[in-house]
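So the structure is just underneath, and the comments pick up after that.
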Amino acid sequence: MTFKPSLLLAFAAASVLPAVPLAQETAASAWANLQDIHLDVISRTEDERRRVAAVTAPPKDFSAPWTFEENSGGAQTVRARQTPDAFSQPADNLTFEQELDFRVGNGLFRRLWVSPPASTIASDGLGPLYNARSCQRCHLKDGRGHPPEGPGDSAVSMFLRVSVPASAPQDIERFIAGTHATSPEPTYGSQLQDFSLPGHAPEYRLQVTYEEIEIPLSGGETVTLRQPSYDAVDLGYGPLAEDAMLSPRVAPQMIGMGLLEAIPTADILSRADPDDSDGDGISGRPQVVWSDVHDQPMLGRFGLKAGNPTVLEQSASAFAGDIGISNPIHRAGAGECTDAQTDCTAARHGGDPEQGGLEIDQTGLDLVAFYSRTLGVPARRDVDDPKVLRGRKVFFDAGCASCHQPNFVTHRLDGENPASFQLIWPYTDLLLHDMGPGLADDRPEGRADGQEWRTAPLWGIGLTETVSGRSTFLHDGRARSLLEAVLWHDGEARAARDKVAEMPPRDRAALIRFLESL
């Protein structure tokens with residue numbers, strides 16, 4: 001089965017793809033009364049509210065670095081190493097005991113899982129179907145993944161999500177207005193796994209081809225974008241459903257996740273404008289998802305379409321879907337195998353009676369989640385460089401900051417939570433935005449339609465090549481440079497993209513220099 005995103009219409013009149021029908025959307029009911037139930041929040045005082053409003057107000061002076069701008073992750077900021085482990089450092093404000101938990105969690109993050117049964121019962125339970133043998137294999141050095149580069153390259157840090165339209169609203173529809181009715185593909189489930197244990201067929205092989213498109217820019221410059229096409233070939237369990245919807249995904253970077261988790265929901269929702277009532281062309285819709293842990297709707301924050309509410313639930317989903325490891329949230333020993341894959345569901349799994357019959361228990365899952373929450377954010381570089389300062393002004397003038405919100409202040413939290421009350425600079429609003437047909441996957445997820453993606457955090461983006469050895473960006477890694485990534489923006493971001501394409505080359509270069517400093 002082939003999935004080819006709509007051809008790039010970046011500099012022509014873009015056609016609008018047919019919208020997938022939404023359920024009756026009542027915006028207010030969709031996110032009214034959402035709570036940060038996952039945190040032990042201490043309410044802000046009136047004085048703190050005034051101080052937060054002051055430090056997060058739109059800037060007026062672009063002539064010099066802003067106060068604390070260099071510390072992207074607040075007190076969790078770490079020195080920006082020019083080595084591949086730049087994203088793998090513990091947050092700078094961990095206690096001694098927390099750093100020990102970080103180290104143990106790191107060990108579990110790197111653990112290579114093996115097939116059951118095995119003498120190493122703490123590590124068995126892999127598969128039977130899987131995308132990688134460890135978390136680290138997808139999140140290379142805690143950085144972003146990349147698409148396979150040629151027939152001989154592995155797709156280990158990239159996979160295809162899959163679903164089909166549902167004929168009737170699912171149960172969750174009763175609780176969350178605006179959720180698109182979809183179901184896992186009947187045979188293959190919700191994602192395709194390209195590895196399997198002996199005796200089981202892998203589900204598919206990912207094949208990516210590109211068509212190059214030349215884009216003219218001001219000043220006589222040109223950029224060549226590559227338009228991807230995705231093929232799910234060598235299907236191991238028969239054809240996919242005719243109406244199957246595929247979505248390519250590369251693994252995102254891991255830094256600062258605990259800080260994103262601690263941003264007050266109310267502060268994120270305050271920037272939502274689903275009907276574009278202010279007429280600036282930018283909407284911003286919250287993703288609202290069902291929390292299996294807290295048994296209630298929560299704001300979606302993690303994943304490329306914000307499909308998970310917390311780091312814990314994101315980690316549990318990845319264990320089950322990517323590695324086939326059962327855990328307290330996803331308890332099936334066969335991982336993501338479906339009922340139609342009978343040999344897979346009947347296979348021996350690695351559940352350990354001492355771990356409640358699971359392959360990783362609550363303690364292990366908590367340690368991996370703690371590690372993921374407390375990876376330090378590298379400090380900004382060259383914040384006082386005139387070209388960086390010029391690029392920051394261009395960033396704001398072009399309208400990029402309308403979605404890439406520079407800063408937030410996290411909740412004040414009880415106890416020794418290292419994410420408590422930090423001024424952070426993630427450059428994301430964590431909302432869903434229409435990115436146009438060129439980036440569309442045409443696969444709805446929750447309240448996100450086929451053209452919507454969560455605004456990606458930009459902190460650390462300038463260290464991508466240092467960490468991952470490659471400069472690939474966007475949800476499927478198609479962009480080979482930051483400028484290519486900017487030029488793929490469309491939909492709500494079309495006006496900003498066009499400004500970048502039309503601005504003097506020296507301003508465009510300054511913008512990229514600013515992004516490289518993040």
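The values are calculated or read from the model by the stated rules, or taken from the named source; none is laboratory data. Treat the numbers as computed from the prediction; the structure is a model and nothing was measured. Note that each Cβ is placed from the backbone with ideal geometry, even for glycine, and that neighbours are counted across all protein chains shown. Side chains are part of the model used for accessible areas, which takes the heavy atoms of the whole protein and leaves out ligands, DNA and RNA. Shrake-Rupley method; radii C 1.70, N 1.55, O 1.52, S 1.80 Å.
Which parts of segment 459-477 would a label at ASP382 reach, counting a residue when its backbone N lies under 19 Å from a point 7 Å out along Cα-to-Cβ?
Taking a point 7 Å out along Cα→Cβ of ASP382, the residues of segment 459-477 whose backbone N falls under 19 Å are 459-472.
Hey, can you find the accessible area per residue of segment 78-118 for me, probe 1.4 Å, expressed in square angstrom? Could the numbers behind the result be given before it?
Details: 2130 Å² over 41 residues.
Normalised by residue count, the accessible surface of segment 78-118 is 52 Å².
Going by the alpha-carbon gyration tensor, a ≥ b ≥ c the square roots of its eigenvalues, is segment 433-518 rounded (a/c under 1.5) or, if a/c is not under 1.5, prolate (a/b greater than b/c) versus oblate?
Here segment 433-518 falls in the oblate category.
Using R₀ = 25 Å, calculate the FRET efficiency as 1/(1 + (r/R₀)^6) where r is the Cβ-Cβ separation of SER167 and ALA340; round to 0.05.
Computed FRET efficiency for SER167 and ALA340 comes out at 0.90.
Using modelled backbone amide H atoms (1.01 Å from N, in-plane), which distant-in-sequence or interchain residues come within less than 5 Å of TYR188's amide H?
Result for TYR188 returns nothing.
Pairs LYS305/LYS387; LYS141/LYS305; LYS60/LYS305; LYS387/LYS499; LYS393/LYS499: which exceed 25 Å Cα-Cα?
LYS305/LYS387; LYS60/LYS305
Cysteines without a disulfide-compatible partner in the chain, using Cβ under 4.7 Å as the rule?
Among the cysteines of the chain, those whose Cβ sits 4.7 Å or more from every other are CYS135, CYS138, CYS400, CYS403.
Which far-off residues, 5 or more places away or on another chain, put their amide H under 5 Å from the one on PHE159, with H placed in the peptide plane?
ARG249
About the Cα centre, and with charges only on the beta carbon of Lys, Arg (+1) and Asp, Glu (-1), how big is the dipole of the chain? Nearest 20 debye, please.
1220
Ranked highest first by average number of other Cβ atoms within 10 Å, how do 108-116, 445-453 line up?
445-453, 108-116
Under 5 Å between amide H atoms, partner at least 5 residues away or on a different chain: which partners does LEU432 have, H built in plane at 1.01 Å?
Those qualifying (amide H under 5 Å, at least 5 residues apart or on another chain) are ARG285, GLN287.
Just check segment 211-314 against the gyration tensor rule for me: Cα atoms, a ≥ b ≥ c as the square roots of the eigenvalues, rounded for a/c under 1.5, and otherwise prolate or oblate depending on whether a/b exceeds b/c.
Oblate, because a/c is 1.5 or more while a/b does not exceed b/c.
Rank by packing, highest mean first: peptides 343-355, 425-437, with packing defined as the count of other Cβ atoms within 10 Å averaged across residues.
The packing order, highest mean first, is 425-437, 343-355.
Apply 1/(1 + (r/R0)^6) to the Cβ-Cβ distance of THR83 and SER154, taking R0 = 22 Å, and write down the FRET efficiency to the nearest 0.05. Intermediate values should be presented prior to the final figure.
Numbers: r = 23 Å, r/R0 = 1.06.
Working from the Cβ atoms, E equals 0.40.
Considering only protein heavy atoms and a 1.4 Å probe, what is the carbon-and-sulfur percentage of the accessible area of segment 452-518?
For segment 452-518, the apolar C and S fraction of the accessible surface comes to 52 percent.
Would you work out if segment 471-518 is rounded, prolate or oblate? Take a ≥ b ≥ c from the square roots of the eigenvalues of the alpha-carbon gyration tensor; rounded if a/c is under 1.5, else prolate when a/b is larger than b/c, oblate otherwise.
oblate
Only sites in a loop by DSSP and with at most 16 other Cβ atoms within 10 Å count here; which trypsin sites (Lys or Arg not before Pro) in segment 44-94 make the cut?
On the way: sites: ARG44, ARG49, ARG50, ARG51, LYS60, ARG79, ARG81; in loops: ARG44, LYS60, ARG79, ARG81.
Filter output for segment 44-94: ARG44, LYS60, ARG79, ARG81.
What list of ³J(HN,Hα) couplings, whole Hz, do you get for segment 185-191 from phi and the Karplus terms 6.51, -1.76, 1.60, once you set θ to phi - 60° and write x for glycine and proline?
In residue order, the calculated couplings are 4, x, 9, 9, x, 9, 8 Hz.
Can you work out the FRET efficiency for the pair ASP273 and GLU502, with r the C-beta to C-beta distance and R0 = 25 Å, to the nearest 0.05?
Using R0 = 25 Å, I get an efficiency of 0.45.
Ignoring ligands, DNA and RNA, what percent of the 1.4 Å accessible area of segment 360-443 is carbon and sulfur? Mind dumping the intermediate values first?
Details: 1110 of 2350 Å².
With neighbouring chains kept in place, the figure for segment 360-443 is 47 percent.
Probe of 1.4 angstrom, ligands and nucleic acids ignored: what's the accessible area per residue over segment 253-391, in square angstrom?
Value for segment 253-391: 35 Å² per residue.
Rounded to the nearest 500, what is the chain's calculated 222 nm mean residue ellipticity when only DSSP H runs of at least 4 contribute -39500 (n - 2.57) each, over all residues?
After summing the helix terms and dividing by residue count, I get -6000 deg cm²/dmol.
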